[in-house]
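Below is one structure, written out as structure tokens; comments come after it.
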């Protein structure tokens, strides 16, 4: 059974492994390399806010990756003029209370 599972994982990795590239973790996580295991798909729309001057902003139903066991993990949206689309995404972790503050901002 275990050998069959390993064989299936190897075949799956050959077929779609390129869709899940390795990424460098932050120093908080020892700076190691890890596989990307999830994507958050966002849609961009022209902002109705006059201050944004029609700039496209990402929207998603949720930026929360995990809220289990008091160890919340979420994606924080950061404005970055140097980025191609003007936005940068940073994975954050902490208490559920900290995550709620970011959701309301």
Kindly list the number of the only condition in (1) over 19 Å from residue 85 (Cβ atoms); (2) surrounded by 10 or more Cβ atoms within 10 Å (Cβ to Cβ); (3) touching a strand residue (DSSP E or B) at 6+ places or on another chain (Cβ under 9 Å) that fails for residue 13. (3)
Scan segment 28-50 and give yes if some residue there is at positive phi and outside the structural domain of residue 17 (by TED's automatic domain parsing), otherwise no. no
Condition set in contact with a helix residue (DSSP H, G or I) (Cβ under 7 Å, 6 or more places away or on another chain) and surrounded by 11 or more Cβ atoms within 10 Å (Cβ to Cβ), scope segment 70-91, selection modelled with the lowest pLDDT: answer is 72
Residue satisfying condition, being at pLDDT 80 or above and surrounded by 10 or more Cβ atoms within 10 Å (Cβ to Cβ), within set 61, 67: 67
Subset of segment 34-49, residues under 17 Å from the mean Cα position of the chain (by Cα) and surrounded by 10 or more Cβ atoms within 10 Å (Cβ to Cβ), comes to 34, 35, 36, 40, 42, 43, 44
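The values are calculated or read from the model by the stated rules, or taken from the named source; none is laboratory data. Note that this is a predicted model, so its numbers are computed, not measured. Here Cβ is always computed from backbone atoms with ideal geometry, including for glycine, and neighbour counts include all displayed protein chains.
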